[in-house]
Protein chains: 2
Amino acid sequence: MSDVLLFDYWRSSASYRVRIALNLKGIAYHAVPTDLLAREQKAPDYVARNPQGLVPMLHIDGLDLTQSLAIIDYLDMTRPDPRLIPTDPAARAATLARAMIIIADIHPLNNLRMLHYLKNEMGHDQAAIDTWYRHWIAEGFAALEKLAPETGLFGGDTPDLVDLCLVPQVANARRFELDMAPYPRLTRIDGELQALPAFAAAHPEQVKPA
Amino acid sequence: MSDVLLFDYWRSSASYRVRIALNLKGIAYHAVPTDLLAREQKAPDYVARNPQGLVPMLHIDGLDLTQSLAIIDYLDMTRPDPRLIPTDPAARAATLARAMIIIADIHPLNNLRMLHYLKNEMGHDQAAIDTWYRHWIAEGFAALEKLAPETGLFGGDTPDLVDLCLVPQVANARRFELDMAPYPRLTRIDGELQALPAFAAAHPEQVKPA
């Protein structure tokens, strides 16, 4: 039995990134589904291990790792095949900067705690929330489209950290009916990535509890 | 004359982080003040170099680097003294995860583009925006306080990436009158850091255009 445990939620984008990374690196793990709607991420025994009370958390090598970027960087250092973040400083900076467009400047504005706050504390209806949601994806994707390669993946022949972040974010964009026409390169790359087994197996519908 | 150029805005937290990093590493640079209120970050010649149209951008080694985390990681790889992100995988994962609480889960929710959207597109008054602002800092700081050391800095005897992110975020918290009493460790660490010359010289009031 594997002693690698991934505390995740089927619809969490950050969890989805880590599932792809684990699959690409061939790391066997057991999923511990953590239902955000039931607030299982705020249970005392979970918060004792992860004070932020968010998913994902990866238990590996005796450590409890949090934050998808930190987890993927750790996996890349300890299990470097295949490499997801380049080691050359200039290439690494470019990859991290592109990934942060999604990790910092799109996703945190659109996750569940944010949507709940807009609804419950700010009193917005679903239409206003949907507009908000699409606005921040559109703004980030406009920049990312300009930085996307004309052929191949963000990582070239093989996926890198940006590719891992892209697929979950495009899935969210489609769920909220964002028009993807302005982003032909992102659409093409997303399509190529979704055909890869490591990405397909990580899809939310594949890991959704019955 | 130094050929290192930092495109920044005096009140930008992400720029403030990079100023501290440059000072700690003793890298001489020229600041290129980029007035966010005048939308200079959306000027065509700037956006051609940084499609996101955000600050900071660091021109160094012939590269245009964006996103504070990517910039600091690059500086750490190419100018490793003093080290700001540990190289040991477990320590590195812990540092990145703590930093991401601020970089991804507090700051993007509170930056200028967000505050403008809440006001202009969502129709909120300043009181609602202030409450929003404080809410996300309080949530992130509650987690970070539990992860903060009882003595010393996040980086131990010398500042690390978390310390670099903390000081600008505490400055924002104070500006929006967040009660810091629930965060005694963060308050203590912030005070110790502010006494360091590299931090003091990077303070917004020190770089504010006349």
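The table below lists the values:
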read-out: All positions within the stretch A:17-36 that are out of contact with any Leu (no Cβ under 8 Å at 6 or more places or on another chain) and either free of Cβ contacts under 8 Å to residues at least 12 places away in the same chain or part of a strand (DSSP E or B) (or both); value: A:G26, A:P33
read-out: Residues of the stretch A:20-33 that turn out to be farther than 26 Å from A:A93 by Cβ and crowded, with 24+ Cβ neighbours inside 10 Å, as a count; value: 0
read-out: Residue check, B:V18 modelled with pLDDT of 95 or more, in contact with a strand residue (DSSP E or B) (Cβ under 7 Å, 6 or more places away or on another chain) and either within 14 Å of B:P204 (Cβ to Cβ) or not hydrophobic (A, V, I, L, M, F, W, C) (or both); value: yes
read-out: Filtered residues of the stretch A:44-71 (kept if surrounded by 21 or more Cβ atoms within 10 Å (Cβ to Cβ), among the aliphatic types (A, V, I, L, M), facing chain B (nearest Cβ under 9 Å) and outside any helix (DSSP H, G or I)); value: A:L54, A:L65
read-out: Residue satisfying condition, being at pLDDT 95 or above and over 18 Å from the mean Cα position of the chain (by Cα), within set B:A128, B:A104, B:A138, B:A91; value: B:A91
read-out: Helices (runs of 4 or more DSSP H) fully within the stretch B:103-210 counting 2 or more residues that are under 23 Å from B:G53 (Cα atoms) and within 14 Å of chain A (Cβ to nearest Cβ); value: B:107-110, B:112-120, B:161-175
read-out: Cross-chain or 6+ apart pairs with Cβ under 6 Å, the stretch A:199-210 first and under 16 Å from A:F7 (Cα atoms), then of a type in the set (D, E, K, R) and at pLDDT below 95; value: A:P204/A:R11
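The values are calculated or read from the model by the stated rules, or taken from the named source; none is laboratory data. Note that the structure is predicted; figures quoted are calculated from it, not measured. A quick note on method: Cβ atoms are made from the backbone with ideal geometry, for glycine too, and the neighbour counts reach across all protein chains shown.
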